[in-house]
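Worksheet: the structure to be examined is printed underneath.
The values are calculated or read from the model by the stated rules, or taken from the named source; none is laboratory data. A quick note: this is a predicted structure, and the numbers were derived from the prediction, not measured. All Cβ positions, glycine included, derive from the backbone under ideal geometry; neighbour counts span all protein chains shown. Ligands, DNA and RNA are excluded from the accessible area calculation, which covers all protein heavy atoms including side chains. Shrake-Rupley method; radii C 1.70, N 1.55, O 1.52, S 1.80 Å.
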Amino acid sequence: MTDTRHTRLLIIGSGPAGYTAGVYGARAMLNPILVQGMQPGGQLTITTEVENWPGETEIQGPDLMVKMEEHARAAGTEIITDHISDLDLSKRPFTAKGESGTIYTADAVILATGAQAKWLGLPTEEKFKGFGVSACATCDGFFYRGQEVVVIGGGNTAVEEALFLTNFASKVTLIHRRDELRSERILQDRLMKNPKIETLWFHELAEVVGEDDPLGVEAVRVKHVKTGEITEIPCKGVFVAIGHAPASELVKDQLETHMGGYVVTKPDSTETSIPGVFAAGDLTDHKYRQAVTSAGMGCMAALEAERFLAAES
Ligand code: FAD
Ligand code: NAP
């Protein structure tokens, strides 16, 4: 028999946005149910040191997420290990199908399904992930003070990452597969004027080269897309910035999205195009993509859900 659970507030996702929504939603006496998804704790569970979470000079990403989970649970959120495979926002109560077979119905929903950095899919990229290969300069740039790094990509993210990395690195090489950047002109101007940045056009990453013990990057081998010629560039850090994919599959045909799938929210709000459905964190945020901003949006979403539900009763 199918198990059906009704809740005033369903939170989908267990990253900083979801857990913070859980803390606030529970304290608003909404008895929220939070469904964790395939990655309990979200993106921070795949990193090591987090050094920009206020109140913690340094904390391991997975430890921070365990703390957030405990906090949401202690506040009164029911945390469920399940993954939502289908979500119907066409009528209320909203209906979510869990892969466990449970059906969740909810008066309000907070979407906090995050985003995932895109990777190139190279075996050596995978091997050195977290040990010299990163997709987040804001998070990891600090570790490359005085060292040479490369950035792969030609969009706003790649250019912003390259510019940000000049705060630490002695040299940044931006490697792009074309000779034209996709990024905004103003960013391109800043990039070209920065003496620490060199651009390498028409090249793709072929291989990351490094040591096994301890695991660490020493260079990249890049391939000219036209001639196939391989060049080796010494570097200690490789930042892959080829785009982020918001996890909006559940709602892409039901909610307004933009910029490659990010859920659109109203200005200064987490309200989506459907009343009673709120979106928080990286799912909506193509710009900042930080734990603290996601948590802030999780708070906003819960407060807005509370007001929405209160106005109805
Ligand atoms: P996420 O953390 O992406 O979590 C999404 C959640 O949604 C997951 O729990 C997932 O299981 C769940 N989910 C997805 N689909 C479903 C579904 N269908 N059903 C149920 N659940 C679902 N930021 C910093 O501020 N500092 C750092 O040092 C830092 N380091 C980083 C290092 C790495 C390697 C990466 C990848 C990111 C880093 N970030 C850092 C960015 C930060 O992790 C994100 O900004 C933040 O995690 C976004 O939070 P979120 O709650 O929006 O989503
Ligand atoms: P993006 O605009 O999609 O750019 C991705 C870049 O990576 C492109 O230059 C692309 O090359 C390259 N790329 C993609 N796949 C690749 C592969 N397999 N191998 C090599 N290169 C590859 O992604 P983004 O830069 O993350 O930006 C996403 C969205 O967020 C954009 O709309 C952007 O404007 C927005 N954004 C805005 C800001 C801001 O407002 N400040 C900051 C960051 C992001 P090609 O150019 O050849 O396709």
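Side notes on the structure shown:
- Residues in segment 178-187 that are of a type outside the set (Asp, Glu) and surrounded by fewer than 17 Cβ atoms within 10 Å (Cβ to Cβ): 178, 182, 185, 186.
- Selection status of residue 104, surrounded by 18 or more Cβ atoms within 10 Å (Cβ to Cβ), modelled with pLDDT of 95 or more, among the aromatic types (Phe, Trp, Tyr) and closer than 28 Å to residue 224 by Cα: no
- A single entry from 187, 191 fulfils the requirement of being more than 20 Å from residue 238 (Cα to Cα) and either assigned to a loop (DSSP other than H, G, I, E, B) or among the hydrophobic types (A, V, I, L, M, F, W, C) (or both): 187.
- Residues of segment 196-206 that turn out to be in a strand (DSSP E or B) and open to solvent by 70 Å² or more (accessible area, probe 1.4 Å), as a count: 2
- Filtered residue count, segment 124-180, keeping only those that are among the hydrophobic types (A, V, I, L, M, F, W, C), touching a residue at least 40 places away in the same chain (Cβ under 8 Å) and within 16 Å of ligand 1 (Cβ to nearest atom): 14
- Residues located in segment 1-59, provided they are open to solvent by less than 20 Å² (accessible area, probe 1.4 Å) and free of Cβ contacts under 8 Å to residues at least 24 places away in the same chain: 59
- Verdict on residue 166 being within 24 Å of the chain's Cα centre (by Cα), more than 15 Å from ligand 2 (Cβ to nearest atom) and β-branched (Val, Ile, Thr): yes
- Residues (assigned to a strand (DSSP E or B) and surrounded by fewer than 24 Cβ atoms within 10 Å (Cβ to Cβ)) located in segment 135-169: 148
- Those residues of segment 71-117 which are in a strand (DSSP E or B) and within 16 Å of ligand 2 (Cβ to nearest atom), in sequence order: 115, 116, 117
- Subset of segment 68-95 (residues that are basic (Lys, Arg) and over 24 Å from the mean Cα position of the chain (by Cα)): 91, 92
- Given (1) open to solvent by 70 Å² or more (accessible area, probe 1.4 Å); (2) within 16 Å of ligand 1 (Cβ to nearest atom), index of the condition residue 312 fails: (2)
- Residue 110 meets all of the listed conditions (1) among the hydrophobic types (A, V, I, L, M, F, W, C); (2) touching a Leu at 6+ places or on another chain (Cβ under 6 Å); (3) buried (at least 21 other Cβ atoms within 10 Å of the Cβ) but one, namely (2).
- Meets criteria (assigned by TED's automatic domain parsing to the domain that holds residue 270, exposed (fewer than 13 other Cβ atoms within 10 Å of the Cβ) and free of Cβ contacts under 8 Å to residues at least 12 places away in the same chain) for residue 253: yes
- Every listed requirement among (1) touching a residue at least 12 places away in the same chain (Cβ under 8 Å); (2) touching a strand residue (DSSP E or B) at 6+ places or on another chain (Cβ under 9 Å); (3) crowded, with 16+ Cβ neighbours inside 10 Å is met by residue 296 save one, (2).
- Residue selected from segment 266-313 under the condition among the basic types (Lys, Arg) and away from ligand 2 (no atom under 16 Å from the Cβ), by the criterion nearest to the chain's Cα centre (by Cα): 266
- Residue ranges of strands (runs of 3 or more DSSP E) in segment 211-312 with at least 1 members among the hydrophobic types (A, V, I, L, M, F, W, C) and closer than 28 Å to residue 124 by Cβ: 215-224, 230-234, 237-240, 244-246
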